[in-house]
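Every number in this text was worked out from the coordinates using simple rules, so none of it is lab data. Given the structure is predicted, the values throughout are model-derived calculations rather than measurements. Heads up, the Cβs are rebuilt from the backbone with ideal geometry, glycines too, and the neighbour counts pull from every protein chain shown.
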Amino acid sequence: MGRVHNFSAGPAVLPVSVLEEAQKELLDYKGVGMSIMEMSHRSQEYEAVQFEAESLLKELLSAPNGYRVLFLGGGAHTQFAAVPLNFLFPDAEADYVITGGWAERAYEEALKLHAVTKLCGKANMASSSKATNFDRIPTRSEIKLSPNPAYVHITSNNTLYGTQWPARPDFGKKTLFADMSSDFLSRPFDLSQFALIYAGAQKNCGPAGVTIVVLREDMIEKANKNIPTMLSYGIHAKNNSRYNTPPVFSIYMVSLVLNWLKNKGGLAAMKKINVEKAGCVYEAIDNSGGFYQGHARKDSRSMMNITFRLPTEELENKFVDEARKSGLVGLKGHRSVGGIRASTYNALPIQACRDLASFMGDFQKNNG
Ligand code: PMP
């Protein structure tokens, strides 16, 4: 079939069974005589798909009552603006924990909205690990929260640097928001601890084009209504994510991935596999006697994006090149860290990680 092991950071690998199902239904979705792509977003058939995606998501998250799921366009980047516009009223403050490039973008978007539009209050940098090129998650004592922030914003997994919050930070009763784009649905977490989370689908739950937002209903009531229509959570919630035409095919793909996840045993089963997968690669790094140097500090290591360097850039290029020839693709690191990045999202089979670890051993033998 010619499928490679795809370590791309996103868009990323999808389960083969999901792609096959989509292929099977592409020309004729459940006997309707057309693809889901060609159907009205108001049709009964499409409505059922979106409803299923929503209820599967709530089930997988063990969502308590009172949470809403939205399927929106515009990527996680749009949420960087929507979050402050909805919740950071002009006289309020919000705290951002800066653990990487995406966290920084979220913070800078809030700063810009404050400076340029006056629609939003002030965003504070509660902590930043930039001085050490975002190699770790700060300890609780390093995070300085303001007395009464509208919300605290974290990025649960830092895709570029390969760090991940090991657990939810203890911020007491503060309203917590998270960008979970790169580790959403990779492990169980207690949704009740978060007032709002968002994630682009293109890593763990589908193709690009749809961003999933899960938020508490009381937040929708509290949200600012005098903001651009397409950025208003109130508008999207009131219209069940169909105020405008939603990315129907992406949402359909998400529904297939969620079914796949459920059949795999849900988030607890997924976590177990993901820990084992990442463990293979980290072990190869740790047993290399320093030939492979992990970027993230051990206590902050991500189970989703594994970043490491080799002794020279020349060797790194050779590594990427030879890996590709062995069917291991998407390993070139992001320029902010350089070196190698192996993304090991849900749909990546464990064999891919085993093959990578074995390739790493061989490469070292031949080049170390
Ligand atoms: N947040 C995180 C954690 C990400 O990994 C990414 C994309 N790599 C983004 C935000 C931006 O997402 P999008 O391209 O969907 O706007």
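Show that you can apply the helix-only estimate: for the chain, add -39,500 (n - 2.57) for every DSSP H stretch of four or more residues, divide by all residues, and state [θ] at 222 nm to the nearest 500.
Rounded to the nearest 500, the figure is -11500 deg cm²/dmol.
Only counting other Cβ atoms within 10 Å, I'd like C280, C353 sorted with the fewest neighbours first.
Starting with the residue having the fewest Cβ neighbours, the order is C280, C353.
Using R₀ = 35 Å, calculate the FRET efficiency as 1/(1 + (r/R₀)^6) where r is the Cβ-Cβ separation of K238 and N148; round to 0.05.
In this case the efficiency is close to 0.75.
Where does segment 45-103 land on the Kirkwood hydrodynamic radius, alpha-carbon pairs, in angstrom?
14.4
To the nearest µm²/s, what D does Stokes-Einstein give for segment 188-313 at 20 °C and 1.002 mPa s, using the Kirkwood radius over alpha carbon pairs as Rh?
Taking Rh from Cα pairs, D becomes 120 µm²/s.
Rank these for me by crowding, D355, D190, D95, D179, going from fewest to most other beta carbons within 10 Å.
Ordered by Cβ neighbours within 10 Å, fewest first: D190, D355, D95, D179.
Where Lys and Arg each count +1 and Asp and Glu each count -1, what net charge lies around M34 among other residues with Cβ under 11 Å from its Cβ?
With Lys, Arg at +1 and Asp, Glu at -1, the neighbours total -3.
T155: net charge of surrounding residues, Cβ under 12 Å, Lys/Arg +1, Asp/Glu -1, itself excluded?
Neighbour charge sum, excluding T155 itself: -2.
Taking 0.36 nm per residue of separation and subtracting the Cα-Cα distance, what length does fully extending Q23 through E322 add?
Length difference between fully extended and current span is 104.5 nm.
Going out from 0 in 5 Å bins, what whole percent of all Cα-Cα distances in segment 178-251 drops into each bin?
With a bin width of 5 Å, the distribution comes to 3, 15, 23, 24, 21, 13, 3, 0.
Where does the Debye-calculated log10 I(q)/I(0) of the chain sit at q = 0.09 Å⁻¹, using only Cα point scatterers of equal weight, no solvent?
Values, matching the q order: -0.52.
Need one number: % antiparallel among DSSP beta bridges in the chain, to the nearest 5.
55
Which three lengths, in whole Å and largest first, does segment 242-297 cover when its Cα atoms are put on their principal axes?
Reported extents, whole Å, longest axis first: 55, 26, 16.
Which net charge results when you count Lys and Arg as +1 and Asp and Glu as -1 among the other residues whose beta-carbon is under 13 Å from that of L185?
Charge balance near L185 sits at +4.
Grab the Cα-Cα distance for A131 and K272, subtract it from 0.36 nm times how many residues apart they are, and report the gain in nm with one decimal.
Net length gain for the segment: 47.5 nm.
List the DSSP H helices in the chain whose Cα atoms stretch 20 Å or more along the helix axis and whose mean Kyte-Doolittle hydropathy is at least -1.0.
44-60, 248-264, 266-286, 350-367
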